[in-house]
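Presented below is the structure to which this report refers.
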Amino acid sequence: MSVPLLAVENLAVSFGRGEQETRAVRGVSFSLQAGQTTALVGESGSGKSVSALSIPRLLPYPLAHHPSGSIRYQGEELINAPESRLRGLRGGDIGMVFQEPMTSLNPLHTIEKQIGETLRIHQGMTPAAARDRIVELLELVRLPEAAARLGAFPHQLSGGQRQRVMIAMAIANNPRLLIADEPTTALDVTIQAEILDLLRDLRDRLGMALLFISHDLNVVRHIADHVVVMQQGQVVEEGRVETVFNEPSAAYTQMLMAAEPSGEPVPVSDDEPLLTARGLSVDFPRRGGLLKRIVDHHWAVRDVDLSVRPGETLGVVGESGSGKTTLGMALLRLQKASGEINFAGQAIAGMKKQTLRPLRRAMQVVFQDPFGSLSPRLSIEQIVGEGLAVHRIGADASERADLVRQALKEVGLEPALAERFPHELSGGQRQRVAVARAIVLRPQLIVLDEPTSALDRSVQRQLIELLRDLQARHRLAYLFISHDLKVVRAMSHRVMVMRAGEVVESGDAEAIFRHPQHPYTQRLLQAAL
């Protein structure tokens, strides 16, 4: 049998020393042949990313250390390899695609400069030769108008385009091993399908081995040959994808496969709408010339009509840039818009801020990234209780503290967590804190903007069940914004499909999922893995 390209044996990784030592990875073994795709799967904290980052030695040393184990690349031991050798491998023989390209790409450098840097370091290319190679790479990863994108900065690209740039950078020096750490987690279903197809194509065309890290078993099923299931730093099951998926032997693997979003939304009564909008539009003028006059208009939202009743969930779906989030912010009067908005029987579109402020308590929002939306400098009690203080709810600080703890308990968190800070909580816990911050004010409407996109499937399922339970108890109206159609189906009574700022289809959720009428909706459903 040929020597594997990569062989990891009995790998152990710890953080800290002595009494503070945390064993993140314990006795992990797997191998990878050229041209093969192996997936490491498991929930957050399972050790899959730590195992993968150990290969090119990208962990925070000396905080992290390898008490035991072996990592051999083409038979060469990497555990104690000198830094000079590892620098040659990183970005050379071993490429890396990270989960969030917006934080992995330098916001101050153009795309050309960032990809060109790795070509200069590893191949000593001249600027002219590097430029030609960069255009070739961008075309290889199917970035539209590749040559025109060289001067673009990361913030000027969409999420899918940034991920393509990351892949181009990772394959710039023709690596033999590509490590992709959750490369599709926050992407729309259509973009996700395109990125997976791209990775498969590059693997086959360039003869690379692909180590794919993911918590999404549906994604793994469509790209991997071999799967390694991890739990709490250990391998609990491994084998061919077909075998593991069709006949999982470990209880943990069975739990992961059963963790798909499921169930039905809470039944809703035929009450009068709580929220209505008519002809709602948001446009961003484009200015040009020396005098910066308006030369064009970009319609982020155009002539949208909608209504949401108490206890009802309206799901809003569409790709990035379709106007979903802009619509939600416009309905909350957090984004300037034209058209009519009526909330709880009052016309709020032209309402002055002072008059609108008392209604703010009844309209809340939960954002996509809880780590970004929760202040790292405030404790959980301060974060959840901030709205109570603003709206002068509670007789004193002691009563507000009690209300905060009641809200934490209602979202399934221990009241003792009130003393902690966001960085001390898991992703699922932080999102529950964000929900607690909203419900502590006893709102009537909550805009949920991609609240599950960055969570593991099992945590997603728990959050969906929590949101349905809160909706049943308090007759909450939800505007549920998401690109994950399985989550939308489990949550929504009605669905509205948006494309380029316009509603292309809307109606009963089950009817749309079973018999979509518009070609765009059909394409979204076909792309859902």
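For the chain, what does the equivalent ellipsoid look like in terms of its semi-axes, each the square root of 5 times an eigenvalue of the Cα gyration tensor, given largest first in whole Å?
Details: eigenvalues 342, 169, 105 Å².
Result for the chain: semi-axes of 41, 29, 23 Å.
Would you work out the relative contact order for segment 1-108, in percent, from Cα pairs under 8 angstrom that are 6 or more residues apart?
Details: 141 pairs, mean separation 32.9, N = 108.
Relative contact order for segment 1-108 comes out at 30 percent.
What is the local net charge at Ala300, summed over the other residues whose Cβ is closer than 15 Å to its Cβ (Lys, Arg +1; Asp, Glu -1)?
Details: positive: Arg286, Arg302, Lys324, Lys336, Arg499; negative: Asp283, Asp296, Asp303, Glu319, Asp449, Glu502.
For residues surrounding Ala300, the net value is -1.
Using Cα pairs under 8 angstrom and six or more residues apart, how large is the relative contact order of the chain, in percent?
Values: 1026 pairs, mean separation 81.0, N = 529.
The normalised contact order for the chain reaches 15 percent.
Normalise the Cα radius of gyration of segment 376-529 by 2.2 N^0.38 Å (N = residues in it) and let me know the number. Don't skip to the end; give the middle numbers.
Numbers: Rg = 17.8 Å, N = 154, 2.2 N^0.38 = 14.9 Å.
Computed over Cα atoms of segment 376-529, the ratio equals 1.19.
Could you tally the net charge around Pro261, taking each other residue with its Cβ under 13 Å from the Cβ of Pro261, Lys/Arg +1 and Asp/Glu -1?
Values: positive: Arg457, Arg461, Arg468, Lys486, Arg489; negative: Asp216, Glu260, Glu264, Asp456, Glu465, Asp484.
Value of the local net charge: -1.
Along the charge dipole of the chain, pointing to its positive end and built from +1/-1 on Cβ of Lys, Arg, Asp and Glu, which listed residue (Gln382, Ser214, Pro273) has its Cα farthest out?
Checked the options; the winner is Gln382.
Calculate, for the chain, the solvent-accessible area per residue in square angstrom, rolling a 1.4 angstrom probe over the heavy atoms of the protein chains.
45
Enter the per residue convex hull volume of segment 328-436, computed from alpha-carbon coordinates, in Å³ rounded to the nearest integer. Mind dumping the intermediate values first?
On the way: hull volume 13.0 nm³, N = 109.
Residue-normalised Cα hull volume stands at 119 Å³.
So which lysines pass the test for Lys409, namely a Cα distance under 29 Å, with those fewer than 8 places away in the same chain ruled out?
Output for Lys409: Lys486.
Only four residue types carry charge here, +1 at the Cβ of Lys and Arg and -1 at the Cβ of Asp and Glu. Report the dipole size of segment 89-166 about the Cα centre in Debye, rounded to the nearest 20. Mind dumping the intermediate values first?
On the way: 9 positive and 8 negative charges, 15 e Å.
Dipole of segment 89-166, to the nearest 20 debye: 80 debye.
Arg200 label point, 7 Å along Cα→Cβ, cut-off 14 Å on backbone N: hits in segment 489-529?
527-529
Mind putting a number on the dipole of segment 362-496 about its Cα centre? Charges go on the C-beta only, +1 for Lys and Arg and -1 for Asp and Glu, and I need it in Debye to the nearest 20. Intermediate values should be presented prior to the final figure.
Values: 18 positive and 16 negative charges, 92 e Å.
With Lys and Arg at +1 and Asp and Glu at -1, about 440 debye.
Just how many % of Cα pairs in segment 265-370 lie over 24 Å apart, if you round to the nearest whole percent?
On the way: 1812 of 5565 pairs.
Pairs farther apart than 24 Å: 33 percent.
Over 17 Å, how big is the tail of the calculated P(r) for segment 224-321, in percent of all Cα pairs?
Distances greater than 17 Å cover 74 percent of the Cα pairs.
Nearest 20 debye, what's the magnitude of the dipole of segment 126-280 about its Cα centre given +1 on Lys and Arg Cβ and -1 on Asp and Glu Cβ?
Its charge dipole is roughly 940 debye.
For Thr253, what accessible surface area do you get with a 1.4 Å probe? Give it in Å², rounded to 10.
It works out to around 0 Å².
Arranged from highest to lowest average of other beta-carbon atoms within 10 Å per residue, in what order do the peptides 345-357, 321-333 appear?
Values: 345-357: 11.7, 321-333: 22.4.
Highest to lowest by the protection proxy: 321-333, 345-357.
Of the accessible area of the chain, with the probe set at 1.4 angstrom, what percent is carbon plus sulfur? Each step should come with its number before you reach the end.
Numbers: 11560 of 23920 Å².
Summing carbon and sulfur atoms, their accessible area is 48 percent of the total for the chain.
Cα-based Rg of segment 96-198 per 2.2 N^0.38 Å, rounded to two decimals?
Numbers: Rg = 12.7 Å, N = 103, 2.2 N^0.38 = 12.8 Å.
Rg over 2.2 N^0.38 Å, computed on Cα atoms: 0.99.
For a quick check of understanding: with a 1.4 angstrom probe and all protein chains in place, what accessible area in square angstrom does Thr103 have, to the nearest ten?
Surface accessible to solvent at Thr103 totals approximately 110 Å².
Please list the helices of the chain that count as membrane-span-like by this rule: a mean Kyte-Doolittle hydropathy of at least -0.5 together with Cα atoms stretching 27 Å or more along the helix axis, each helix being a complete DSSP H run. Walk me through the intermediate numbers first.
Values: long enough: none.
Helices passing the filter in the chain: none found.
Once every DSSP H run of n ≥ 4 in the chain is given -39500 (n - 2.57) and the sum is divided by its residues, what mean residue ellipticity at 222 nm do you get, rounded to the nearest 500 deg cm²/dmol?
Per the formula, -10500 deg cm²/dmol.
The values are calculated or read from the model by the stated rules, or taken from the named source; none is laboratory data. This is a predicted model, so every value here is computed, not measured. As a convention, Cβ positions derive from the backbone with ideal geometry for all residues, glycine included, and neighbour counts pool all protein chains shown. Only protein heavy atoms, including side chains, enter the accessible area calculation; ligands, DNA and RNA are left aside. Shrake-Rupley method; radii C 1.70, N 1.55, O 1.52, S 1.80 Å.
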